[in-house]
Each structure stands twice: as C-alpha cells, then as structure tokens.
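Just below is one structure, and these are the notes that go with it.
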Amino acid sequence: MTSSLPESVDQVPIRRLAFLVTVVAFVTVGHYTIGLHQAAWHDVFRRLYYVPIIFGASWFGLRGGLVTAGIVAGLFVPHVLLQWREMPLEQPEQYLEILIYLVVAGVTGALSEKEASRRKELRLANEKVEEGYQRLREQSVALVRADEQLRRADRLAALGELSASMAHEIRNPLGSIKGTAEIFRDSLPAGHRLAEFARILVKEADRLDRILTHFLGFARPKDVVSSRTELAPAVAQVVGLTRERARSAGVAITVELSPEVPPVAIPSDALGQVLLNLVLNAIQALGPGGRVSISGAIAPARRLACRESPVQLQVVHLAVADDGPGIPHDIRERVFDPFFTTRRGGTGLGLAICQRIVLGYRGAIAVVAAAPQGARFEMELPVADGGSGA
Ligand SMILES: Nc1ncnc2c1ncn2[C@@H]1O[C@H](COP(=O)(O)OP(=O)(O)OP(=O)(O)O)[C@@H](O)[C@H]1O
Ligand SMILES: [Mg+2]
C-alpha cells in the first residue's frame, strides 16, 4: 500500500505536512471559538476542513486522505457533541458531514493513487524508450564506424589494384627511359659536362623503379628484413632532392640530427620515400619565408611491460616539422587515410604510403600539434640490430 502512495513518507516535504497541520489547526480553533449564533461562520469552517482533506489525499494517497479525514473527524466530533448538544435537529447533519469527509478523502486518495501509478508507468515506459534510443544510438555509431572501416579496407584494396596496374604501366616506359639514359651516359666521353646529368637520369630512373616496387608491396604485409640505414646520408639525400623545390618556394630546410643517433632498421629507399613525402608536404603547405626542420635523436629507452626482467627497446625519434598553417584538429585523424587530400592536385596517397611503410618496419608515425603553429610528423623507428649500443 505504502509503495502505491504518490510519495513515500521520507520524501514528503515537511512544508506539506506543516501546511495541513496549520489549516486543520486554524479551522478547528475557528470552530471552537466562534459562538453558535454565528451559524454561517460555522458552515464556512466546517467546509474549510475539505481543504486539508483534499490536499492530504492528493499528496499522500488514500491512506493520507483517510488519516487526515480521521483527524479532522476526531477534532470535529467533540465540537458537535459539546456545542451542538442544544440543537439536536442540527446534529445528524454534522455527523453526515463527517461521513462526507471520509468519502471525499477516499475518492480523492484513490484517484490520486491511480494517477500516481499511471505516472509511474509512464515514467518507466519513458525510461525504456530512452534506453532503447540510447542503445540504437550506440549501435548506429558502431555501424558508422564499421562502415568507415569497410570503406577504408575497400580503398586499400582498390589502392592495391591501382598500384599494380600503375606499376605495370609505368615500369615499361621507365625501362625505356633508363635504357636510353644509360646509352646516353655511356656514349658521353668522360668529363663531358652532360655526363653528370646522364648519371642523375639513370640514378633517378633506378630510384623510381624501386619506389614502384615498394608501391606494389603497399598492400602486402612486409617481411622485416634486417636493414641498416644511417640517418644522416638518408636525410641529406632527401634535402638534396628537395633543395631546388624549397628554394623556388622560398622555404628553408634545416636538419638537426644528434651525433649519437644509431642506424635504423628500415631500408634507405623506404626511409627516403617517407621523408621525401613529409618534406614535400611541408614545402607545399608553406609560403615564402617558411621553415621545415628535420630532427632525429635516440629516444629514451622504452620500457616494455615485463616486471621481472624489463626489456629495453631503443628507438630513434625522427620528426619533420614546419611552421605553416598546420593541420586542423578535425582532419588530423584522417590525413593518413588513402585518398584523403585537401590539396588541389593532391592524390592523398603520400601519408598513407608513409604510414604503411613505417608500420611495415615496426615503427610508428603520428601527427602532433606543433608549437606555436604548423604541423609536426613524428616517427619512432626501431634501431638496427647492434646499433643501439644498449
Ligand atoms: N605539413 C603539412 N601541413 C599542413 N597540412 C598537411 C601537411 N602534411 C599533410 N597535410 C594534409 O594532409 C593531407 C594528406 O597528405 P598526403 O601527403 O597524404 O596527400 P597530398 O599531399 O594531399 O597528396 P599527394 O598524394 O600528392 O601527397 C594533405 O592534403 C594536407 O591536407
Ligand atoms: Mg603529399
């Protein structure tokens, strides 16, 4: 029964109880102090008792209403007995009033309980709807994520096919270019002023061929071969290749490699390709006066989780940073997605390839906010065997 009350007693605001007590006390005092000759006032006070009875029943349910009506009756009966004793004709009407108090309390209390239980059902139904809605939302978020992953996988698969056909199409004319360049190089007398250009032509054609091979391997998991690449020459080569481009864009490239940085376990071609992409991206993002910096250092040893015998893993931190416009927060997650580009004429493959290469050689690459502005790509590359000195 108590549970069906609109509110349990410990939740009842004291104010409501105080209100009921005050009204009952006020009406009772009025009743007992006003003389019988003021019959109209007696009628008023008698009916004023309905106020606490109705409120008591609405706030505290059937039981509350009956208790209020009972108290009112208990206070009213002595008044009828004492004051209306001399008017026996009026007395039955007074007793009838008490009966009506109880009836009103009962009806109002029952109605209010019904209303309360309906409200409770509604609240429960609402909670269920809310729960269902929440679950639906979670499921739809999961679906969107799964869809995004599927699309990404699709794009990667498409990229694999694309790279295979591209490599096929490019390799043939590239072979002809290289062959012609070799003839050109070999036919020039030693010391000829064009001999150096012919040599560069052959070398770059070779490099393109290797890049294509690498590109073909993009979709394939890599065998981690035991490579050993010194950072300084690899970085110098990328700086050399991009020097002209940087000069015409008015961009300065600086290199800061700490002298003790050990060789890394990634082939120099692959490392060069990654660095080239990062430096080109930076140059493309910068205007005249912009700066690109390439920095590398041996990272503090990473402690792998093994309490008994902690394994030390040395990694090289390599970063390419610029002071350009930077990468807005909302697209930072997506810059490594294949085909994601904001650059007119960009393919959006540069960073996807970089990430694939770095991950393929057990490294990590991430874009971090550069201070005070610009973009900063950080890599962690595993140190080549025997190169850490650890
Ligand atoms: N240094 C940088 N500063 C600002 N935005 C950058 C920088 N590097 C990359 N981005 C953003 O990341 C996007 C993806 O770069 P990504 O190298 O993958 O493709 P791309 O440069 O647009 O095209 P491409 O395939 O020719 O390299 C760029 O379009 C650009 O929005
Ligand atoms: Mg790029």
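Points to keep in mind about this one:
- Check on residue 359, among the hydrophobic types (A, V, I, L, M, F, W, C) and more than 12 Å from ligand 2 (Cβ to nearest atom): yes
- Pairs are defined by a Cβ separation below 7 Å, a sequence spacing of at least 6 or placement on different chains, a first member in the range 276-292 that is within 9 Å of ligand 2 (Cβ to nearest atom), and a second member that is open to solvent by 10 Å² or more (accessible area, probe 1.4 Å); the pairs so defined are 277/350; 277/351; 277/353; 278/377; 281/350; 284/343.
- Flag if residue 343 is within 14 Å of ligand 2 (Cβ to nearest atom), in contact with a helix residue (DSSP H, G or I) (Cβ under 8 Å, 6 or more places away or on another chain) and open to solvent by 20 Å² or more (accessible area, probe 1.4 Å): yes
- Once the range 21-73 is narrowed to residues that are among the hydroxyl-bearing types (Ser, Thr, Tyr) and part of a helix (DSSP H, G or I), the residue that is modelled with the lowest pLDDT is 32.
- Residues located in the range 137-191, provided they are free of Cβ contacts under 8 Å to residues at least 24 places away in the same chain, under 30 Å from residue 201 (Cα atoms) and among the basic types (Lys, Arg): 185
- Selection status of residue 258, at pLDDT 90 or above, away from ligand 1 (no atom under 13 Å from the Cβ) and more than 17 Å from residue 365 (Cβ to Cβ): yes
- Filtered residues of the range 332-345 (kept if over 21 Å from the mean Cα position of the chain (by Cα), touching a residue at least 12 places away in the same chain (Cβ under 8 Å) and within 7 Å of ligand 1 (Cβ to nearest atom)): 343
- A count restricted to the range 328-360 and to residues that are assigned to a loop (DSSP other than H, G, I, E, B) and in contact with a strand residue (DSSP E or B) (Cβ under 7 Å, 6 or more places away or on another chain) stands at 1.
- Residue tally, condition within 16 Å of ligand 1 (Cβ to nearest atom) and assigned to a loop (DSSP other than H, G, I, E, B), over the range 261-292: 5
- Residues located in the range 314-325, provided they are near ligand 1 (Cβ under 8 Å from one of its atoms) and over 21 Å from residue 380 (Cα atoms): 324, 325
The values are calculated or read from the model by the stated rules, or taken from the named source; none is laboratory data. Nothing here was measured: the structure is a model prediction, and the numbers come from that model. In this analysis, Cβ positions are derived from the backbone assuming ideal geometry, glycine residues included, and neighbour counts consider all displayed protein chains. All accessible areas refer to the heavy atoms of the entire protein, side chains included, with ligands and DNA or RNA removed. Shrake-Rupley method; radii C 1.70, N 1.55, O 1.52, S 1.80 Å.
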